[in-house]
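Let me begin by presenting the structure, written as structure tokens, before commenting on it.
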Amino acid sequence: MKIKAVLFCVLVCLLFCCSAFSAAAYSFPGSGIVTEMRYRSHSSNSSSNGLTVFIFIAVLLVVIISKYLKYKSEFPKDQDTAAHRKLQAMSQWQPTASSYGEPKNFTEQITGQIRKRDLNFSADKFIWLIENYFIAYMDAYNEQDLELLEKLTTEDIFFIDKADIEDQLQNGVSHKRKRISFQTDYLYKYDYNDKYEYVSAYIKSRMIDYMENNQTGESYYGSKSKDVFTFYTITLRRKLSEKTIISENVKSIPCPNCGAPMDAVVAGRCSYCGKSSMVTDSPWKISAVRKTELGDDLGRSGIFRIT
């Protein structure tokens, strides 16, 4: 649009100048027939030559302006165009829970798949088990308890976490995650092969999360009093031949540390002695725990056979 406007203005100016030049050439005053004829002959030659030079200059000017505008159009400044607004909006976009898209809730489908082989499997009880394991896992880190951690996890993740805790002990620090509450948790992926089955859950939790100096007890990262919202995925694994051993009628079981009754809906820690506890001998083990951020790729939701 700008190029067309400039060229139109140049053309108008050119026509105006040509008109003015022609009018001036034919309106010069003279006296007598001979004088007027001589003047017209001289004026005609002069005006023809002048008009030719003027047209050449005008055309050259149009070409120069066209080239300049074409060059500028290839390197545009910020403009309020639809494309620019789109690019600007993309640069200012920040991921949110709604725009990111959380993994789909496949609890019902996964439950149906597992119950084809394990009729005692219960989604509610299994999600409670996940919460129990999640809290016990965090408590193992809080207390730097390698024995509890080994009971909770598969071999591969245990050696990774063991190295992490040993590194913390060497540096005199510990990672504390306390006062955990669950906002949302559901099953989103089920993988299986001829030997194992893996169930992955998505967890929205609220907790106190900080790093502590073991000698001074002071926090050097995070707050000891302020809750934060966190997003985790946790994967549990068991042998494909194993069956559910959690009874639907279980109301309470004794704490393995002090013998006090622990309500089955209380996960991870005895309310009497305060010790972390595995409240079941379930064959499920933690094979992965991952803290995520909004926008992370959590992979596909669904049921998959793996090699």
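Taken over the range 152-197, the residue count meeting the criterion of being farther than 30 Å from residue 220 by Cβ, touching a residue at least 24 places away in the same chain (Cβ under 8 Å) and surrounded by fewer than 16 Cβ atoms within 10 Å (Cβ to Cβ) is 4. One residue stands out among those in the range 141-152 that are in contact with a Lys or Arg (Cβ under 9 Å, 6 or more places away or on another chain) and among the hydrophobic types (A, V, I, L, M, F, W, C): the one that is nearest to residue 213 (Cα to Cα), which is 146.
Every residue, every condition in (1) within 18 Å of residue 179 (Cα to Cα); (2) at pLDDT 95 or above; (3) surrounded by 13 or more Cβ atoms within 10 Å (Cβ to Cβ), yes or no:
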| position | (1), (2), (3) |
| --- | --- |
| 230 | yes, no, yes |
| 235 | no, yes, yes |
| 238 | no, yes, yes |
| 255 | no, no, yes |
| 261 | no, no, yes |
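Filter the range 156-172 down to residues that are among the charged types (D, E, K, R) and modelled with pLDDT of 95 or more and give me whichever is farthest from residue 137 (Cα to Cα). Of everything passing the filter in the range 156-172, 167 is farthest from residue 137 (Cα to Cα).
The values are calculated or read from the model by the stated rules, or taken from the named source; none is laboratory data. Fair warning: this is a prediction, and the values are worked out from it, not measured in the lab. Glycine also receives a Cβ, built like all others from the backbone with ideal geometry; neighbour counts cover every protein chain displayed.
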